[in-house]
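K.L.:
Sharing a structure below in structure tokens format, with a few things to ask.
The values are calculated or read from the model by the stated rules, or taken from the named source; none is laboratory data. Keep in mind it's a predicted model, so treat the numbers as computed, not measured. Neighbour counts are summed over all protein chains in view; Cβ atoms, including those assigned to glycine, are modelled from backbone coordinates with ideal geometry. These area figures cover heavy atoms from the full protein model, side chains too; ligands, DNA and RNA do not enter into them. Shrake-Rupley method; radii C 1.70, N 1.55, O 1.52, S 1.80 Å.
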Amino acid sequence: MKRHQFLLAVLAIACSFSFATYAQDKKILPELYIAATIPDSLKEDAHAVTRYEYAEYVVKGPEKVTYKYHSIVTILNEKGDHNAGFGMDYNKFKSINGFQMIIYSAAGLKIKKYGKSDMYDQSATDGSTMVTDDRILSIRHTIASYPCTIEIIMETTQNSYLNLGGWTPQVNEESTQNSICSVTVSPTAGFRYVSRNTSVKPTKTTQDGLETYTWIANNIKAVKVEDNAVAWQVFPKVTFVNNAFVFANIPGDFSTWQNYGKWQLGVNADVCSLSPQRASEIQAMTAGIKTDKEKARFLYQYMQKNMRYVSIQLGIGGLKPFPAGFVDDKKYGDCKALSNYMYALLKAVNIPAYYAMVRAGSNEEPADANFPTDPFNHVILCVPFKGDTTWLECTSSTHTFGKLGPFTENRNALLITEDGGKLVNTPRSNAADNQFNSSVHIVLDADGGAKATAKLMSTGEFRELYLEIASEKTDEQKEYLIKSLNIKQPSDFVFKPLSDNDGTDEVELMMEYDKFCDIATGNKQFYRPRIFDLWQATYPAVDKRKSDFFFKYPSQRSCVTTIDLPAGFDVETLPTNQMLKFTYGNFEVNYAYDAAKNQVTSTAKFNLNSHIIPAAKYAEMQQYMDNVARAQNKKLVIRKKA
């Protein structure tokens, strides 16, 4: 799935650029090693304080950069412990020139020193990457007491690079006393930078024909990202790039998206076709299919059934897909290889398609349309049918044809066209694409017990969830569903998949309860008039929300519940009908009692029309969710007839 190998998060230090080393700066004040000298304002709400940080990039040409890094971080408590671990990747394009980690007591006394030879060397494989050229050197110090200060000094050299790097002077719940970043580069390199969430401007100096840009930030107080906010909207960040680059001996140009796309087009040129014989076989497979879109659907489902996703980061930095013929023969590939394979299948039947590079992840930061660079970590496919552009996620064996999901929706993708790169928007998440529709039949008995059958029909992200649940063990299915749907604990529980057709998955839940009523008193029984809630979450009231609130995806949910009352009982109190609204959604529930059938029917609908709630609308959303919770908590009261 990943196009670049990133360091394991547990080993990452609070900076977003490539790891490297820096020689000891003799100008560092001794008090920066002493915890007691931290200003009180920087300790407030902080788990760690960056006392000093200096990052230096020296660009020696379009294919060589030296990076030096020196930091002093005081860890105040165990929540800042990630600063005591460090990892840096290396490969055939990148070497580690040196590394030191020095540990100091609260009083600034040296406790321990680690060098490069003390680091653990391992392949940079993880849960999603099985094969890679990259390796990681990592180390972790176990802290005995707090506060503790960690000093890092390191240097790397890259002989091939795309993105130059960046500067992130602050991370979540940590403060920064001093942070400096400099970039030294030739005026002819086409150096550019873009800033986010900061007004800090660089100073620019010239010496020996080179330009140096320097950013400085001091005394940044700790900030905690609000719940359901995204860090990229909060913390300061500066991203650098040179227009001219040489990667794996292939020169390229970042001055425009079109030019970068031309570079990727050249990289892919010799791997995107099947053999003439195999192409003829594909043509024969689709000969009886009338339209191009139906041919594409057939070939997409063929790929899903016959190929599997395996992340492989080999070759030129994980940027070049394996040949389509390799995937066809071996039956596996990563996101690049599978998207390229799907492109080749369509090419064989004369259907145009575009390899599309995207920044994937839940509510991930989209590429900046005004700043051409390479922020991408995933590849999908775009098929431009006339009047109906279709997007394909090629790594999933279960995705519905033409549906991406929130992993790659709501952002932009770089299409690799015959004319070069073209940055376009991926589809926006649509509530109608993520539906959870249910029908429930509950039969109550006179003693307060019940039997219930629920049919759940799901599309989009709900469908993906229930397909995953179907593969779990029975106890795990029960535990997850009871918790996620707020189901009252049953005495017996059965999960039964029914069908999965045309993008809709259907499952059945069967439950029995020895006691389903909440309260029984005298001749009355009080019930929650449903098996589960359509919405479970509530959120705290805050004085003033600062950041936008992000859900994972918009959705539509509905449930029709039919309750058969026991013989000899009728309704004393039926919950009142409710209709609630806020700017980005609505909730409605209606109740009816059929005396002839002695049956209560409730119909509930919950719609969340946007997954992003602006900060200014948080208070409205918070109150709305509280009201939904109260509406769902209303009781049905039945009584035994005299």
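K.L.:
Report the semi-axes of the equivalent ellipsoid for region 35-250 in whole Å, largest first, where each axis is √(5λ) for an eigenvalue λ of the Cα gyration tensor.
P.N.:
Here the semi-axes work out to 29, 23, 17 Å.
K.L.:
What ³J(HN,Hα) values, in whole Hz, does the Karplus curve 6.51 cos²θ - 1.76 cosθ + 1.60 give for region 247-263 when θ = phi - 60°, with x put for Gly and Pro?
P.N.:
With coefficients 6.51, -1.76 and 1.60, one gets 10, 6, 6, 10, x, x, 8, 9, 5, 9, 4, 4, 5, 5, x, 5, 5 Hz.
K.L.:
Please work out, to two decimal places, the log10 of the ratio I(q)/I(0) at q = 0.08, 0.09, 0.14 Å⁻¹ from a Debye calculation in which every Cα of region 256-428 carries one identical scatterer.
P.N.:
Log10 of I(q)/I(0), two decimals: -0.21, -0.27, -0.69.
K.L.:
Using a 1.4 Å probe and counting only protein heavy atoms, arrange Met303, Met285 so the residue with the most accessible area comes first.
P.N.:
Of Met303, Met285, the descending order of accessible area is Met285, Met303.
K.L.:
Run the numbers on region 274-406 and let me know its relative contact order in percent, using alpha-carbon pairs under 8 Å that are six or more apart.
P.N.:
Values: 188 pairs, mean separation 31.4, N = 133.
RCO, region 274-406: 24 percent.
K.L.:
Follow-up question, since we're still on this one. Answer rounded, prolate or oblate for region 345-499, using the Cα gyration tensor with square roots of eigenvalues a ≥ b ≥ c: rounded when a/c is under 1.5, else prolate when a/b is larger than b/c, else oblate.
P.N.:
Since a/c reaches 1.5 and a/b is larger than b/c, the shape of region 345-499 is classed as prolate.
K.L.:
Okay, moving on. Please label the shape of region 432-640 as rounded, prolate or oblate, based on the square roots a ≥ b ≥ c of the eigenvalues of the alpha-carbon gyration tensor (a/c under 1.5 means rounded; beyond that, a/b larger than b/c means prolate, else oblate).
P.N.:
Note, shape of region 432-640 comes out oblate.
K.L.:
Mind scanning Lys60/Lys320; Lys293/Lys403; Lys597/Lys634; Lys305/Lys336; Lys262/Lys403 and naming the pairs with a C-alpha gap bigger than 20 Å?
P.N.:
Checking Cα-Cα distances, Lys60/Lys320; Lys597/Lys634; Lys262/Lys403 exceed 20 Å.
K.L.:
Any idea which of Phe86, Gly420, Ala48 is furthest toward the positive side of the dipole for the chain, if Lys and Arg beta-carbons carry +1 and Asp and Glu beta-carbons -1?
P.N.:
The residue sitting farthest along the positive end of the dipole is Gly420.
K.L.:
Averaging sequence separations of C-alpha pairs under 8 Å and six or more residues apart, then dividing by the length of the chain, give the relative contact order as a whole percent.
P.N.:
After rounding, I find 11 percent.
K.L.:
Okay, next question. What is the sum of charges around Leu404, taking Lys and Arg as +1, Asp and Glu as -1, for the other residues whose C-beta is under 12 Å from the C-beta of Leu404? Please list the in-between numbers first.
P.N.:
Numbers: positive: Lys403, Arg411, Arg428; negative: Glu393, Glu409, Asp433, Glu461, Glu464.
With Lys, Arg at +1 and Asp, Glu at -1, the net is -2.
K.L.:
Oh, and also: Can you tell me the 0 to 90 degree angle between the C-alpha axis of helix 292-306 and the longest principal axis of the chain, rounded to 10?
P.N.:
80 degrees
K.L.:
Amide H neighbours of Asn434 under 5 Å, at least 5 residues apart or on other chains, H built in the peptide plane: list them.
P.N.:
Amide H to amide H, under 5 Å and 5 or more residues apart or across chains, Asn434 pairs with Gln556.
K.L.:
Can you give me the accessible area per residue for region 35-250, using a 1.4 Å probe, in Å²?
P.N.:
42 Å²
K.L.:
Right, here's the next one. How high is the relative contact order of region 100-248, given as a whole-number percent (alpha carbon pairs under 8 Å, six or more residues apart)?
P.N.:
It comes to 25 percent, rounded to a whole number.
K.L.:
Tally up the carbon and sulfur contribution to the accessible surface of region 432-640 as a whole percent, 1.4 Å probe, everything protein left in place.
P.N.:
C and S fraction of accessible area: 47 percent.
K.L.:
Enter the angle in degrees (range 0 to 90, nearest 10) between the Cα long axis of helix 618-632 and the first principal axis of the Cα atoms of the chain, meaning the one along which they spread out most.
P.N.:
Once rounded, the angle reads 30 degrees.
K.L.:
Measure off, as a whole percent, the carbon and sulfur share of the 1.4 Å-probe accessible area of region 256-428, all protein chains present.
P.N.:
Details: 3450 of 6940 Å².
In region 256-428, the share of accessible area belonging to carbon and sulfur is 50 percent.
K.L.:
Return one number: the angle in degrees, 0 to 90 and rounded to the nearest 10, between the long axis of the Cα atoms of helix 335-348 and the longest principal axis of the Cα atoms of the chain.
P.N.:
Long axis of 335-348 versus the principal axis of the chain: about 80 degrees.
K.L.:
Another question, then. What number, rounded to the nearest 500 deg cm²/dmol, is the helix-based mean residue ellipticity at 222 nm of the chain, given -39500 (n - 2.57) per DSSP H run of at least four residues and division by all its residues?
P.N.:
Only helices count here, giving -4500 deg cm²/dmol.
K.L.:
Give me the one-decimal nm value for the distance between modelled label points at Thr291 and Thr214, 7 Å along each residue's Cα-to-Cβ direction.
P.N.:
6.4 nm
K.L.:
With a probe of 1.4 Å, find how much accessible area region 275-339 has per residue, and write the answer as a whole number in Å².
P.N.:
On the way: 3030 Å² over 65 residues.
That works out to 47 Å² for each residue.
K.L.:
Additional query: At a 1.4 Å probe radius, carbon and sulfur cover how many percent of the accessible area of region 35-250?
P.N.:
C and S atoms contribute 49 percent here.
K.L.:
Now a separate question. In 20 Å bins starting at zero, report the fraction of Cα pairs in the chain per bin as a rounded %.
P.N.:
With 20 Å bins starting at 0, P(r) equals 16, 41, 33, 10, 1, 0.
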